[in-house]
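> Please read through the structure below; I'll follow up with questions.
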Amino acid sequence: MQHFLTDSHNHSIRLYNFETSMKKLISFVLRKVPRKYIQLVSKPALKITGLFLRGDNVTCPIINKSYRKFLPYGRVNPRENALCPDSLSLERHRLLWLYLKEKTNFFDERLHFLHVAPEQCFMKPFEKQHKDKYITGDIESPLAKVKMDIHRIPFDNDTFDAAMCNHVMEHVDNDIIAVREIYRVLKPGGWAIMQVPFFSPIPDKTFEDVSIKSPEAREKAYGQDDHVRLYGKDYPDRIRSAGFEVVEDDFVHTIPADLVARYALPKNEIIYFCKKTA
């Protein structure tokens with residue numbers, strides 16, 4: 001019995017040391033390695049890590065695999081139980097996956113779909129659903145099909161049935177122009193989902209100052225050193241200024257608590273469903 005307890009204790013210590021090391025490593029990589037390089041190596045590297053985390057406490061609905069827990073994720077104070085090691089989904093991605101399945105026509109038909117700054121967790125299943133109508137675009141990502149600047153999207157007016165652009169607007173020079181471009185390339189009646197990060201306490205108005213240029217000053221002002229604005233409660237109105245009808249959907253609050261825990265979903269994420277008027 002004593003031998004069993006000792007083995008169990010040692011196993012717990014090894015797991016703790018592994019998780020602590022991963023937390024430090026992920027934080028370092030996110031802060032120091034450019035995104036385009038992370039995208040090239042993260043999937044095979046983390047897939048190995050996933051073998052050590054398999055269990056039945058949490059599930060990634062995108063790939064339907066279960067784990068003892070997800071990996072931590074974040075630049076400064078990594079969030080516990082956030083990153084799926086196989087799909088590379090985060091809390092917000094898993095929520096969006098459920099939203100697309102339950103609240104949109106995304107999986108009901110083949111759409112001409114524009115995915116700006118595509119997240120790896122979505123790319124394979126999205127392409128499987130929409131085939132060559134699934135278009136990925138990014139200014140630097142080696143994974144995107146089209147190299148593009150969101151301020152000048154290289155497609156004609158009224159091209160796409162739907163679009164997705166998540167955690168991009170906080171990085172671009174002019175988010176209003178970027179939103180107008182997404183509006184322009186959508187067909188009348190088309191829709192987009194455009195999520196941005198919010199940092200508590202959320203200000204009433206979005207704050208941006210072009211004189212703030214150093215990484216240190218940007219991190220202090222905006223919460224992250226590669227952000228150029230701090231979004232406030234006026235974010236949906238900024239989207240509406242381009243012509244969109246915006247539904248601020250608290251979808252996560254309609255999901256049973258046991259599933260919120262099972263999928264490790266964000267507790268208060270609002271989904272901004274934006275429709276181009278017909």
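The values are calculated or read from the model by the stated rules, or taken from the named source; none is laboratory data. Since this is a predicted model, take the numbers as computed values, not measurements. In case anyone asks, the SASA skips ligands and DNA or RNA and just uses the protein heavy atoms, side chains included. Shrake-Rupley method; radii C 1.70, N 1.55, O 1.52, S 1.80 Å.
> Using Cα positions and a limit of under 20 Å, work out the aspartates and glutamates in reach of Lys124, with same-chain residues fewer than 8 apart set aside.
Within the straight-line cut-off, Lys124 pairs with Asp86, Glu91, Glu102, Asp108, Glu109, Asp132, Asp138, Glu140, Asp161.
> Report the per residue volume, in Å³, of the convex hull enclosing the C-alpha atoms of segment 119-278. Before the final figure, lay out the partial values.
Numbers: hull volume 22.5 nm³, N = 160.
Residue-normalised Cα hull volume stands at 140 Å³.
> While we're looking at this one, here's another question. How high is the relative contact order of segment 37-138, in percent, with contacts defined as C-alpha pairs under 8 Å that are six or more residues apart?
Relative contact order comes out at 19 percent.
> Then there is this: So for segment 127-182, averaging the separation of alpha carbon pairs under 8 Å that are six or more residues apart and normalising by length, what relative contact order in percent results?
The value is 25 percent.
> Before I look further, what does segment 134-225 give for accessible area per residue, probe 1.4 Å, in whole square angstrom?
On the way: 4490 Å² over 92 residues.
Value returned for segment 134-225: 49 Å² of accessible area per residue.
> Here is the link list: Lys131/Lys187; Lys101/Lys131; Lys103/Lys187. Which ones come out longer than 26 Å on Cα distance?
Violating the 26 Å Cα-Cα cut-off are zero pairs.
> Same structure again: Tell me, what % of the accessible area of segment 184-278 is carbon and sulfur with a 1.4 angstrom probe? Intermediate values should be presented prior to the final figure.
On the way: 2700 of 4900 Å².
The C+S portion of the solvent-accessible surface of segment 184-278 is 55 percent.
> Out of all DSSP beta bridges with both ends in segment 111-219, state the antiparallel percent to the nearest 5.
Numbers: 1 of 15 bridges.
Taking every DSSP beta bridge with both residues in segment 111-219, the antiparallel ones total about 5 percent.
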